[in-house]
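Some notes on the structure that comes next.
Quick note: the coordinates plus some simple rules give every number you see, no bench work behind them. As the structure is a prediction and not an experimental result, all values here were calculated from the model. A quick note on method: Cβ atoms are made from the backbone with ideal geometry, for glycine too, and the neighbour counts reach across all protein chains shown.
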Amino acid sequence: MTVAVVIPAYDEAATIATIVQRARLQLETVIVVDDGSIDDTASQAAHAGAMVLRQPSNQGKGAALWHGLQQALALGAEAIITLDGDGQHRPEDLPKLLDAHRRWPDRLIIAARLERRDRAPRLRRFANGMADFWLSWAAGWPIRDSQSGFRLYPATLLRQMSGPQPGRGGFAFESQALLQAARLGGSPVTVAIETLYPPHARPSHYRAWRDTLRIIALVAGELFGRGLYPVGLLRALRQPPLSATSPDTKRRHR
């Protein structure tokens, strides 16, 4: 199976080389999309062995992700794993997603930061919880850690999905992708990983209030378009999340 790693990066020169090197110990093909960085992110990634794609200006995480995902598909990848370049995700956890993919080959896999969640800032935990609730409702399936950028996209699913909507090339695209994946492939699968917030990491590009409100606006439009989708709310509240470690429950999560 051919698998590629896609890392969107904006001013990540301090960490990107290490992330690329560690990822390449797990998988050979690593694609870094430099989203208009003003530091030497691109050169650091290239020297570490990544294929580097450069956006001419900062277009947002979603646009960078989509560019990298399409490049991975063009290279023949059968699955694409996305992770961030700031050190919040451990490339050593890549095999966990691959193991889940072997069991659930047609599903989106989310590496959810469920272990040691107390490490996350309180405001981020609250914002992520709000996003999880609204996205689970709109998707019609329970979703854990909907804002995790550490995911596995099967190529068969990705080819049916569309890119960022106009004006939603930032963090909202990953929420849009979750909704599309839920409609096309059923409940996402959760893989538990450790919560990492390095003490000297740069401030997150995710703005808890601004970006969460944008996600809620995206979801509200989806819900109003489906008559508030009460069946989806009930299913999201009543069913447990589909976990990579749970018994085979495919029939309930179709």
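Key figures
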{"item": "Highest average packing first - 120-131, 6-17, Cβ atoms within 10 Å", "result": "6-17, 120-131"}
{"item": "Computed [θ] at 222 nm, helices only, for the chain once each DSSP H run of length n ≥ 4 contributes -39500 (n - 2.57)", "result": "-12500 deg cm²/dmol"}
{"item": "Max mean-square fluctuation residue, GNM over the chain, Cα-Cα springs under 10 Å, options Ile216, Ile143, Ile80", "result": "Ile216"}
{"item": "Kyte-Doolittle at least -1.0, axis length at least 24 Å by Cα - qualifying DSSP helices, the chain", "result": "122-139, 208-225"}
{"item": "Among Glu115, Glu78, Glu28, residue whose mean-square fluctuation peaks in a GNM of the chain (springs only between Cα atoms under 10 Å)", "result": "Glu115"}
{"item": "Cβ-Cβ FRET estimate between Glu194 and Thr2, R0 fixed at 35 Å, reported to 0.05", "result": "0.80"}
{"item": "Spin-label model distance (nm) - Gln160 vs Leu233, 7 Å beyond Cα toward Cβ", "result": "2.7"}
{"item": "Protection-proxy order for peptides 232-240, 172-180, each taking the mean of Cβ atoms within 10 Å per residue, highest first", "result": "172-180, 232-240"}
{"item": "Label-point separation in nm, Ser43 to Arg24, each point 7 Å along Cα→Cβ", "result": "1.7"}
{"item": "Which of Val3, Val32 has the fewest Cβ neighbours within 10 Å, and the rest in rising order", "result": "Val3, Val32"}
{"item": "Considering only the chain, percent of DSSP beta bridges that pair antiparallel, nearest 5", "result": "20"}
{"item": "Cα gyration tensor shape of region 1-64, rounded if a/c is under 1.5, else prolate or oblate by comparing a/b with b/c", "result": "oblate"}
